[in-house]
1. Look at the range 188-209 and say how many of its residues are in contact with a strand residue (DSSP E or B) (Cβ under 7 Å, 6 or more places away or on another chain) and away from the ligand (no atom under 11 Å from the Cβ).
2. Among the numbered criteria (1) without any contact (Cβ under 8 Å) to a residue 60 or more places away in the chain; (2) in a helix (DSSP H, G or I), which one does I375 miss?
3. Quick check: is even one residue across the range 136-148 under 25 Å from F191 (Cα atoms) and touching a residue at least 60 places away in the same chain (Cβ under 8 Å)?
4. What are the residues in the range 58-79 that are small (G, A, S) and surrounded by fewer than 24 Cβ atoms within 10 Å (Cβ to Cβ), if any?
5. Report whether or not K252 is without any contact (Cβ under 8 Å) to a residue 24 or more places away in the chain and either in a loop (DSSP other than H, G, I, E, B) or over 19 Å from the mean Cα position of the chain (by Cα) (or both).
6. Quick one: R306 ticks every box in (1) free of Cβ contacts under 8 Å to residues at least 40 places away in the same chain; (2) part of a helix (DSSP H, G or I) except a single one, so which number is it?
7. Yes or no: K337 modelled with pLDDT of 95 or more and closer than 30 Å to I111 by Cβ?
Amino acid sequence: MNIPFSPPFIDQSVIDQVVDTLHSKWITSGPKVKALETEIMNLTGSKAAVCVNSWTSGAIMMLKWFGVKEGDEVIVPAYSYCATALCVLNCGATPVMVDVLDDFTIDPKKIKKAITSKTKAILAVDIAGWPCHYDSINKLIRDPDINKLFVPESEKQAAMGRIILIADAAHSIGAIYKGVPSAQKSDIAIFSFHAVKNITTAEGGCICLNLPVIFNNKDEYNFLKIFSLNGQNRDAFAKAMGANWRYDILFKGLKINMPDICAAVGLAQIRQYPTLLLPLRKKIAMKYCRMFSMFPWFIPPALKDRNRESSYHLFPLRVKGITEAERDEIIDFLLSKGIVVNVHFIPMPMLTYFKSIGYDIEDYPNSYKQYSCEISLPIYPQLTNVEVDYIIENTIEAVQLHLEKSNLIEIAS
Ligand SMILES: *Cc1c(COP(=O)(O)O)cnc(C)c1O
């Protein structure tokens with residue numbers, strides 16, 4: 001059998017949406033992007049949604065929007081995809097990495113220790129689709145003692161009056177926190193629509209605004225649309241539809257708008273997401289848990305509790321007590337059986353670039369511990385029952401074989 005890790009969901013409705021876009025003769029930002037933004041607002045209950053061409057570019061824009069610049073600090077978890085820290089570096093600011101909890105999310109106690117008078121933002125990751133501890137983080141950034149440290153240096157920072165909470169929601173579209181979509185629990189939540197994510201536009205992302213009442217989310221939406229289009233006050237679609245040809249550049253924007261031809265893919269997917277695509281992911285996660293729970297080596301991932309429910313983006317299998325090298329051997333076994341798995345993530349301080357600028361994995365022991373025993377198993381709507389059973393059988397075999405081998409070594413020594 002050959003089981004890919006995370007192929008995109010392309011059914012007839014996706015193809016029809018893309019073909020419809022081609023026939024409409026309008027392929028860049030226009031009505032499909034607008035329709036996708038509306039669907040995202042409905043799904044997440046957000047006050048505004050701005051589609052862009054990636055999570056990364058959207059995060060850079062939002063940090064710039066808030067006025068984050070050289071000399072500022074942004075707190076991020078050490079355990080994430082590199083983009084979580086690179087967006088900060090690309091604004092000239094410093095990512096201050098902190099360690100994570102056993103559920104992979106950023107540790108609020110570590111955030112508290114890391115806050116200084118230079119801290120402008122916290123970028124918290126809903127890893128694997130599991131919402132981070134929003135109540136604790138929100139309480140922290142509103143704490144009067146913490147607030148005393150905050151030095152506003154831009155108009156938006158003055159209006160906010162505190163550290164801003166930005167959610168790296170790259171994995172978590174559809175996740176729930178205390179009965180509401182988790183995107184509502186941060187000031188700004190950014191989704192990724194990269195090809196491997198729960199909803200995709202090939203490449204893309206969306207910024208959900210749930211800013212405090214002092215901000216007008218609609219005005220900020222209009223401003224961000226211009227920001228994402230070189231700071232140009234009249235977009236190509238409006239001009240094509242007969243608006244005045246003359247335009248102006250109002251400020252130094254970025255060019256990161258999402259094209260309609262990409263939005264069409266996401267539009268067809270999101271319309272089936274709550275009723276079909278997300279429930280299918282959940283069903284697979286539940287089956288994995290049910291089957292692996294029979295074994296003492298299984299560390300179940302956080303998927304659902306009293307307050308939170310995952311978007312089931314990843315199934316991070318953890319095997320009790322194994323080393324990084326042992327984990328790699330189990331992965332090799334699965335690959336030899338045609339099952340493509342992954343590791344989410346290599347902690348950023350272990351990557352060459354981050355090492356070269358001074359980060360050290362020794363400072364993030366729990367990130368290393370989680371990473372070294374983690375294997376992300378395939379989880380996506382198209383996986384058949386037969387494939388899921390095959391993955392389960394082979395995973396159990398791989399781990400059991402491995403444990404027997406290490407037991408024999410122990411007995412022999
Ligand atoms: C995929 C991912 C990103 C980056 O998304 P792009 O759309 O590829 O820029 C950021 N953070 C996390 C946690 C991700 O998994």
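1. Start the filter on the range 188-209 by keeping residues that are in contact with a strand residue (DSSP E or B) (Cβ under 7 Å, 6 or more places away or on another chain), which leaves 188-193, 204-209.
Applying the additional criterion that residues be away from the ligand (no atom under 11 Å from the Cβ) yields 188-189, 207-209.
Summing the residues that are in contact with a strand residue (DSSP E or B) (Cβ under 7 Å, 6 or more places away or on another chain) and away from the ligand (no atom under 11 Å from the Cβ) in the range 188-209 gives 5.
2. Every listed condition holds for I375 apart from (2).
3. Just the residues of the range 136-148 that are under 25 Å from F191 (Cα atoms), to begin with: 136-142.
Okay, now just the ones that are also touching a residue at least 60 places away in the same chain (Cβ under 8 Å), so none.
The answer is no, given that none of the residues of the range 136-148 is under 25 Å from F191 (Cα atoms) and touching a residue at least 60 places away in the same chain (Cβ under 8 Å).
4. Just the residues of the range 58-79 that are small (G, A, S), to begin with: 58-59, 67, 71, 78.
Across the range 58-79, the qualifying residues are G67, G71.
5. Working: without any contact (Cβ under 8 Å) to a residue 24 or more places away in the chain: yes; either in a loop (DSSP other than H, G, I, E, B) or over 19 Å from the mean Cα position of the chain (by Cα) (or both): yes.
Criteria met by K252.
6. Result: R306 passes all but (2).
7. Details: modelled with pLDDT of 95 or more: yes; closer than 30 Å to I111 by Cβ: no.
Spelling it out, it is not the case that K337 is modelled with pLDDT of 95 or more and closer than 30 Å to I111 by Cβ.
Conditions (1) buried (at least 21 other Cβ atoms within 10 Å of the Cβ); (2) part of a helix (DSSP H, G or I), marked per residue:
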residue	(1), (2)
I173	yes, no
A189	yes, no
I199	yes, no
A202	no, no
V213	no, no
N222	no, yes
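The values are calculated or read from the model by the stated rules, or taken from the named source; none is laboratory data. Quick caveat: nothing in here was measured; it's all calculated off a predicted structure. We place every Cβ from the backbone using ideal geometry, glycine too, and count neighbours over all the protein chains shown.
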